[in-house]
Amino acid sequence: MIYEICNLLIPVSDVFSFCRLANYISFRAIMAALTAVIFILIFSRRFILFVHRHCFLDQVRETGVHSAFDKRGTPTMGGVLIIGAVLVSMILWGNWHSPFMLCSVAGMLWFGLLGLWDDIAKVRMKSGDRGLSERRKLVLQGLFSLVFAWICVGPLAPLGSALATKLYVPFYKHPLLDLGPYVYGAFIFLFVIFVSNAVNITDGLDGLAITPSIFVVAVLAIFAYVEGNRIYSSYLYYPFLRGAGELTIFGAAFVGAGLGFLWYNAYPAQIFMGDTGSLAIGGTMAVISVLLKEEMLFPLLGGLFIAEAITSQVQEKIGVKWIGRRIFYRAPLHHNLQHKGIAETKVVIRLWIVAGILALISLATLKLR
């Protein structure tokens with residue numbers, strides 16, 4: 001809205017020359033981040049009281065880690081705050097003509113609404129294990145992933161037909177393969193589903209998921225700035241993606257919302273993001289990664305989420321269902337560390353450090369090519 005208004009006022013008079021600031025991605029990104037932080041700080045307490053009043057409280061799952069039961073009754077669905085803050089920021093500072101932003105917002109909303117449905121179902125059933133069935137969630141996640149994959153490889157591809165089906169990998173300057181629309185579409189379909197669920201699995205301790213998410217989106221926002229700039233992308237041998245700079249603004253809004261949410265989500269948490277937040281964050285990261293052709297960077301950049309998902313699935317699918325016994329003491333990874341006697345806050349901070357190191361290494365791939 002502000003972006004559009006400023007562009008309307010610039011030709012009117014020299015008095016409005018300051019409105020040219022709205023055409024700078026760096027300025028709008030800073031303002032979007034500040035707007036999101038302020039939104040969270042203003043509305044969080046009211047939202048927490050609202051959730052308490054309507055008994056939308058967390059239903060703790062049986063994990064075998066006794067400290068988790070101390071959190072029963074903590075307000076949930078805090079992801080509504082994150083989504084709301086990002087939306088307000090983008091309404092004010094975003095360019096809604098950009099297909100990059102439209103795809104990212106659509107992904108965040110779809111997965112956020114799916115998570116909200118799951119959270120409400122858990123509250124109604126009064127059980128952390130009795131929300132939406134795994135099959136129903138996968139079907140609904142797959143529906144968005146299928147449409148998104150079709151957009152990315154079809155005639156509406158935001159990247160254009162020349163880049164739409166090419167696969168890039170870290171540390172290599174040129175596209176590794178041209179997978180074609182069917183193979184690359186299938187790859188996008190599976191990638192989006194996997195990443196959204198990986199973040200959902202990671203969200204098990206106070207502040208654990210939100211901080212690594214901030215690291216991941218911040219790095220992707222920097223990549224978006226580089227790839228959306230003809231000079232920087234040419235110098236660093238990245239494909240030039242016209243309009244991708246809008247993802248920098250979207251990423252900045254998310255970082256601001258995440259920092260504001262962490263204020264209330266840090267140990268001991270006053271509110272949990274719930275599946276509303278974790279699925280929305282995972283879906284957002286997956287969509288941005290695909291739009292920037294950085295899918296193969298995610299195993300490094302989001303290595304913590306990958307480790308959490310793999311330990312969980314290996315334990316459940318291979319250990320319990322196939323072998324008939326546990327492979328790890330507990331799963332996912334953070335509960336296994338807790339089982340070894342490491343305090344929750346130490347587990348969280350150490351995993352934050354790991355996520356930060358992975359983010360720095362991923363950022364280094366901008367030049368190490």
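FYI, it's all coordinate maths here, none of it is from the lab. On a predicted model such as this, the values are computed, not experimentally measured, just so you know. Heads up, the Cβs are rebuilt from the backbone with ideal geometry, glycines too, and the neighbour counts pull from every protein chain shown.
Label positions at ARG46 and MET125, each projected 7 Å from the Cα along the C-beta direction, are separated by 3.3 nm. Computed over the chain, the per-residue total of -39500 (n - 2.57) for DSSP H runs of n ≥ 4 gives a 222 nm mean residue ellipticity of -20500 deg cm²/dmol, rounded to 500. Here the label points at TYR329 and SER161, each 7 Å from Cα along the C-beta direction, are separated by 5.8 nm in the simple model.
What whole-number distance in Å separates the alpha-carbon centres of the stretch 256-298 and the stretch 101-115? With the stretch 256-298 and the stretch 101-115 each reduced to a Cα centre, they are spaced 12 Å.
Diffusion coefficient (Stokes-Einstein, Kirkwood radius over C-alpha pairs, 37 °C, 0.692 mPa s) for the stretch 127-216: 215 µm²/s, rounded to a whole number.
When the C-alpha to C-alpha distance is required to be over 27 Å, the pairs from LYS293/LYS346; LYS173/LYS346; LYS137/LYS166; LYS293/LYS367 that qualify are LYS293/LYS346; LYS173/LYS346; LYS137/LYS166. Label zone (VAL183, point 7 Å along Cα-to-C-beta; backbone nitrogen cut-off 17 Å) within the stretch 260-295: 295.
Roughly how many debye, to the nearest 20, is the charge dipole of the stretch 25-364 about its Cα centre, given +1 on each Lys and Arg Cβ, -1 on each Asp and Glu Cβ, and no other charges?
480
For a straight C-alpha distance cut-off of 20 angstrom, the aspartates and glutamates reachable from LYS71 (same-chain residues fewer than eight places away being disregarded) are ASP58, GLU62, ASP118, ASP119, ASP129, ASP203, ASP206, ASP275, GLU344. Legend: calculated FRET efficiency, ALA106 to LYS340, from the Cβ-Cβ distance at R0 = 35 Å, rounded to 0.05, equals 0.30.
Taking 4.7 Å between beta carbons as the limit, the unpaired Cys residues of the chain are CYS55, CYS103, CYS152.
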